[in-house]
Structure formats: structure tokens, C-alpha cells
1. Being surrounded by 12 or more Cβ atoms within 10 Å (Cβ to Cβ) and either under 17 Å from residue 202 (Cα atoms) or out of contact with any helix residue (DSSP H, G or I) (no Cβ under 8 Å at 6 or more places or on another chain) (or both) is the filter here; which residues of the range 269-279 pass it?
2. Being assigned to a helix (DSSP H, G or I) and under 19 Å from residue 166 (Cβ atoms), is that true of even one residue in the range 68-76?
3. Answer yes if at least one residue in the range 249-263 is in contact (Cβ under 8 Å) with a residue 60 or more places away in the chain and within 22 Å of residue 119 (Cα to Cα), and no otherwise.
4. Return only the number of the condition from (1) surrounded by fewer than 16 Cβ atoms within 10 Å (Cβ to Cβ); (2) touching a residue at least 40 places away in the same chain (Cβ under 8 Å) that residue 69 does not satisfy.
5. Which condition breaks for residue 143 when tested against (1) under 22 Å from residue 242 (Cβ atoms); (2) without any contact (Cβ under 8 Å) to a residue 60 or more places away in the chain; (3) crowded, with 17+ Cβ neighbours inside 10 Å?
6. Would you check which residues across the range 34-49 are in contact (Cβ under 8 Å) with a residue 12 or more places away in the chain and either loosely packed, with under 12 Cβ neighbours inside 10 Å or within 15 Å of residue 100 (Cβ to Cβ) (or both) and list them?
7. Mind checking whether some residue in the range 242-252 is surrounded by fewer than 17 Cβ atoms within 10 Å (Cβ to Cβ) and on the phi > 0 side of the Ramachandran plot?
């Protein structure tokens, strides 16, 4: 009886170990793919340079032309990191789209599916690696931009520290917003399977649609603005002023949740299509 029981137990344990090994191997494979292409390094380098260049230019310019009147409504945290959010989403859309669509354009997706036929595992591994790579660079750059900006603003005597209300939240949320922007484009890439299509759609939704919405009557725009991805959402996420300087928008985390919901929907649709369509 013991021998029979042992024989019945073994088949149940094997698939668990196999699934873990398959996931770990797929994660390593996807990380290798992402590290082996030049577009990853160019995109990450441009992200860092854009964020730091904005912090230097914006904060140095404010310090050079500072007057007593500028103290009213000054937000030194936002001055340091808003450029990273604005330019970062523009840059990271490229990497997010390429993470999947590049394999469709080269036909490499067929090889990937032969090596890992579990499409859900492959899709999840690609997204997880993208989150990890973008997340690390975005967090480091966000803190670097913040400290750089505060150093340049020291002559104004209006600077911020991470312990002040809302400052750490703004710095971290800026990095997370960039990660979501990359996943936003990744989801579009899975849906459209075209690099140009994913990038064009992402730019249209993040930049063009919020601008076109301003043509609506003021009352309508006030109701619609808070539900749009991109646009003035960046100001809400990077701002630290007390109260709500953007009455038409939700709070910082509220706007972050709205954009996260858009991203989640795209990722789910992309996963469903990735699992059903032919390569």
C-alpha cells in the first residue's frame, strides 16, 4: 500500500517543479533578449539623460531668475521631476512597444513559442522583465533628478526634502508612472503586433487625445479630463502642493489608479489575443 501511495504522489509533484523551472528559464531568456539589443541601452540612456537634463535646465533656470514673488506656489519637487515624467513616457513607449513587436517583425516569436509553448508564461515573463528593467532605471533616475534639482535650487532657499509631505510620494510615483507607460505600450504591442502601430496609438492616446479634448466645452472638459490617460495627469502625479491645485483631476494616487486601469485593460486584452492568435 505504501508503494502504491508513493507512486500516486509523484505525478502530482513533478508538474509544480516543472512549472517553476519553466518560469525561471523563461525569465532568464527574456532578460537576455532585452539585454542583447541596442534599442534597450539607447532607450534607457535617453531616459536618464532626458530626466536629468530637464532637472538641470529647469531648476538652474529658476534659480538664475528667482524673485521673491516666485515663492508663492513654488513646488521645488515638481520642478525637478516633472520633466522625467513628461519626457520619460515619450521615451519608454518605444521600449515597451519593441519588447514584443520586435519578435513579430523578425519572426523570432515562432522560435520563442517553440521553446516556451505556454503562451501565458511567455507573455507574463516578458512583462515581468520589462517591469524590472524599467523600474530599476526609473527609480534611480527619479531620485537622481530630484536631488540634482534641489542642489541647483539651494540659492533660492526654497528646496524640498524627502521627509516633507508628498515629496517621497511624488518621486516614487513618477518612476511608477514611467513603468506604467512602458506596460501601456507593451499591451498595445500585443494587441496590434506592430511596432509602428503600437507607438503611434500610444502617442495618440497619451498626447493627442488630451489635447483634442480641450476643444470640448469647458464644462464637458472638466468632467472628461480626469479620466484621460496622459495630459495634465503628469502635473497631478508630480505635484506636492497642499490642497488640490488641479480641481478637475483626482488626487495623485487617484489619477495614477485611472492610468493603471487603462494599462491593466490593455495588458489583459493583449494576453487574451496573444494566447489565441497564430504567431
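1. 269, 270, 272
2. Checked against the condition, which is being assigned to a helix (DSSP H, G or I) and under 19 Å from residue 166 (Cβ atoms), the range 68-76 yields at least one hit.
3. There is at least one residue in the range 249-263 that is in contact (Cβ under 8 Å) with a residue 60 or more places away in the chain and within 22 Å of residue 119 (Cα to Cα).
4. Unmet condition: (2).
5. (1)
6. Answer for the range 34-49, where residues must be in contact (Cβ under 8 Å) with a residue 12 or more places away in the chain and either loosely packed, with under 12 Cβ neighbours inside 10 Å or within 15 Å of residue 100 (Cβ to Cβ) (or both): 34, 37, 39, 40, 43.
7. yes
This table checks each residue for (1) surrounded by fewer than 16 Cβ atoms within 10 Å (Cβ to Cβ); (2) part of a helix (DSSP H, G or I).
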residue: 95; (1), (2): no, yes
residue: 102; (1), (2): no, yes
residue: 105; (1), (2): yes, yes
residue: 113; (1), (2): no, yes
residue: 117; (1), (2): yes, no
residue: 129; (1), (2): no, yes
residue: 185; (1), (2): no, yes
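The values are calculated or read from the model by the stated rules, or taken from the named source; none is laboratory data. A quick note: this is a predicted structure, and the numbers were derived from the prediction, not measured. Ideal geometry is used to build each Cβ from the backbone, glycine not excepted, and the neighbour counts take in all protein chains shown.
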